[in-house]
Amino acid sequence: MLTLTVALLALLCASASANAIQARSSSYSGEYGGGGGERFSHSGNQLDGPITAFRVRVSRYYIVGLQVRYGKVWSNYVGGSSGDLEEIFLHPGESVIQVSGKYKRYLRKLVFVTDKGRYLPFGKDTGTSFNAVPLHPNTVLRFISGRSGSVIDAIGLHWDVYPSTCSSC
């Protein structure tokens, strides 16, 4: 009986340690922006692979819309239809390690910084600044969430480890 109890206790401790290790790899930054719009999340898109490109629609004053490519699959577009659409692709194996920007009721600027030293800016340089980085080492931007309507009202940034295998990337 004592052996069974010790074995069960050891199994529970090992399981708790594995869960604690997993929990320490992910973190969240945000939400940056105003309080309007409908909620969106790309949490399921991360299963298609790492972030490989961004499409951002910008107007004179705001980030109007956003679409992210995960692996080779584009997420649903969120936001409005006015303004100019800009598209930037990451290099193979390149990841976003920092996101900064500005907001004032709505998202006004986004800058994605990669582990290859590239700065990918979108939008206008006005409003309250934010700077988001992952809490844990060796983690990257895995997906985004936020709120949108006719513009991007707010954005949240979700960080985790780079996927170890991605056959569709």
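May I ask you to derive the FRET efficiency for Asp84 and Ser27 from their Cβ-Cβ distance with R0 = 25 Å, giving the value to the nearest 0.05? After rounding, the FRET efficiency stands at 0.20.
Restricting the calculation to Cα atoms, the range 26-161 yields a radius of gyration followed by a Dmax of 13.3, 38 Å.
One decimal place: the segment Tyr162-Asn131 gains 9.1 nm when fully extended, by the rule 0.36 nm per residue minus the C-alpha distance. Taking all protein chains as they are arranged and a probe of 1.4 Å, the heavy atoms of Leu135 leave approximately 130 Å² accessible to solvent. Computed with a 1.4 Å probe over protein heavy atoms only, the accessible area of Phe130 comes to about 10 Å².
Taking all protein chains as they are arranged and a probe of 1.4 Å, the heavy atoms of Tyr32 leave approximately 40 Å² accessible to solvent. In the context of the full set of protein chains, the range 118-169 has a per residue accessible area of 48 Å² (1.4 Å probe). Percent of Cα pairs in the range 96-142 per distance bin of 10 Å, from zero to the largest separation: 29, 48, 22, 1.
Averaging the sequence gap over all C-alpha pairs within less than 8 Å and six or more residues apart, then dividing by the number of residues, gives the range 33-169 a relative contact order of 31 percent. Surface composition of the range 26-161: carbon and sulfur make up 47 percent of the accessible area, probe 1.4 Å.
The values are calculated or read from the model by the stated rules, or taken from the named source; none is laboratory data. All figures in this text were calculated on a predicted structure; none of them were measured in a lab. As a convention, Cβ positions derive from the backbone with ideal geometry for all residues, glycine included, and neighbour counts pool all protein chains shown. Ligands, DNA and RNA are excluded from the accessible area calculation, which covers all protein heavy atoms including side chains. Shrake-Rupley method; radii C 1.70, N 1.55, O 1.52, S 1.80 Å.
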